[in-house]
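The values are calculated or read from the model by the stated rules, or taken from the named source; none is laboratory data. If you're wondering where the values come from, they're calculated on a predicted model, not measured in any experiment. Don't worry about glycine lacking a Cβ; one is built from the backbone with ideal geometry, like all the others, and counts go over all protein chains shown.
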Amino acid sequence: MRPILLFVFTMIVLLSAPGMNTVQARQKNIILATTTSTQDSGLLDVLLPIFEKKTGYFVKTIAVGSGQAMAMGQKGEADVLLVHSPEAEKKFIAEGYGINRRLVMHNDYIIVGPSGDPVKIKAVKFTLEAFKKIASEKGLFVSRGDNSGTHSKEREIWKAAGISPEGEKWYQQTGLGMGQTLNITAEKKGYTLADRGTYLALKKNLGLDILVEGDAILLNIYHVIEVNPAKWPKANTAGVKAFTDFMVSKETQAIIKTFGVEKFGSPLFFPDAGKKEEKLGK
């Protein structure tokens, strides 16, 4: 075989080899570790097909709590994170696991419970009062207990209220995501802390009412974070950059602004790209 023909034949074989296809496929894949709220609310079902069509990248979504998402980032098991646990996120960045933390959106937490409201927390004005009343009356409280952003917020509220609920019979932990925890809360006719987006998306089949809302402590902020390629060189940095740019783009922010309005009468999230975090909720 002539040298030129041999070279061409060799290149064809190499390019069609399974290893090459695997590398090319991997470069087109992005692993997104995100919260169950972005999945359960349906927001990602709207956004990801648009992103994939525009860029040619394919997003593999792993929906877990924010704590678990960051643990994946620490191990190099994800390329990018979409999470809502600000203090843990800052620690994640400070320890060198993530870079380019960018504000995407916010919604808020709410306390939900059975319409009969046996503990009568709807009569109180502030979140801390509601938690204290649930504890003093031994009303059933169902916690995610999964180190998620919602669980972190719940622990923050218990601490501020001066209460340690762990081990109490009236305090039960599911170890599950927001949607599943809401379903268990509904079955047991208890109370729980939920993000508004997931609650509204599932409200129809729950039989739970919003009993406490609007308190400043209930603000729920989401950021997108790139896993640090200096620690994990195999991360799809080009794909991640495309994804984070997409999440803060005008087009995506406009979609977030109206998502849920037609079905629920109000948006499930509020777009925040380019804003200052300290001014949110004011």
Problem set entry | Search result, residues across region 164-179 that are in contact (Cβ under 8 Å) with a residue 24 or more places away in the chain and assigned to a loop (DSSP other than H, G, I, E, B) | P165, E168, K169, W170, T174, G175, L176, G177
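Determine, yes or no, whether V83 is outside the structural domain of V240 (by TED's automatic domain parsing), of a type in the set (A, V, I, L, M) and buried (at least 22 other Cβ atoms within 10 Å of the Cβ).
Considered against the rule, which asks whether it is outside the structural domain of V240 (by TED's automatic domain parsing), of a type in the set (A, V, I, L, M) and buried (at least 22 other Cβ atoms within 10 Å of the Cβ), V83 comes out as no.
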Problem set entry | Identity of the residue in region 113-162, among the basic types (K, R) and within 25 Å of the chain's Cα centre (by Cα), that ends up surrounded by the fewest Cβ atoms within 10 Å (Cβ to Cβ) | K159
Seminar exercise, completed: Subset of region 64-103, residues outside any helix (DSSP H, G or I) and either among the hydrophobic types (A, V, I, L, M, F, W, C) or free of Cβ contacts under 8 Å to residues at least 40 places away in the same chain (or both), comes to V64, K75, A78, V80, L81, L82, V83, E95, I99, L103
Exercise. Which helices (runs of 4 or more DSSP H) does region 1-63 wholly contain that include 3 or more residues that are modelled with pLDDT of 50 or more, among the charged types (D, E, K, R) and within 30 Å of K257 (Cα to Cα)?
Worked result: 43-55
Exercise. D108 passes all but one of (1) over 30 Å from E278 (Cβ atoms); (2) among the acidic types (D, E); (3) crowded, with 16+ Cβ neighbours inside 10 Å; which number fails?
Worked result: (1)
Exercise. In region 246-262, what residues are out of contact with any strand residue (DSSP E or B) (no Cβ under 9 Å at 6 or more places or on another chain) and surrounded by 14 or more Cβ atoms within 10 Å (Cβ to Cβ)?
Worked result: F246, S249, F259, G260
Seminar exercise, completed: In region 231-282, residues that are charged (D, E, K, R) and within 30 Å of Q27 (Cβ to Cβ) total 6
Exercise. Is it fair to say G116 is in contact with a Pro (Cβ under 8 Å, 6 or more places away or on another chain), of a type outside the set (S, T, N, Q) and over 24 Å from W232 (Cα atoms)?
Worked result: no
Seminar exercise, completed: In region 104-148, residues that are closer than 19 Å to I221 by Cβ and part of a strand (DSSP E or B) total 8
For this session: Please work out if A135 is hydrophobic (A, V, I, L, M, F, W, C), touching a Leu at 6+ places or on another chain (Cβ under 6 Å) and without any contact (Cβ under 8 Å) to a residue 60 or more places away in the chain.
Result: no
